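First up is the structure itself, then whatever we jot down about it.
Each value in this text was obtained by applying a stated rule to the coordinates, not by laboratory testing. Given the structure is predicted, the values throughout are model-derived calculations rather than measurements. Ideal geometry is used to build each Cβ from the backbone, glycine not excepted, and the neighbour counts take in all protein chains shown.
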């Protein structure tokens, strides 16, 4: 395996964190919508 430069490592980590952030954001939004639906259902 070839040695990666620091710059390449940063790019890889940046991509990984960006992907995780997007995935988390999507899950969070869906969860929030679901929570609001449940709340509205229970309080109506």
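Numbers for the structure displayed
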{"read-out": "For the chain, alpha-carbon Rg and Dmax in angstrom", "value": "18.7, 61"}
{"read-out": "Cβ-Cβ FRET estimate between residue 8 and residue 32, R0 fixed at 35 Å, reported to 0.05", "value": "0.45"}
{"read-out": "Label-point separation in nm, residue 44 to residue 16, each point 7 Å along Cα→Cβ", "value": "4.4 nm"}
{"read-out": "Helix axis angle, 6-43 relative to the chain longest principal axis, alpha carbon, degrees", "value": "0 degrees"}
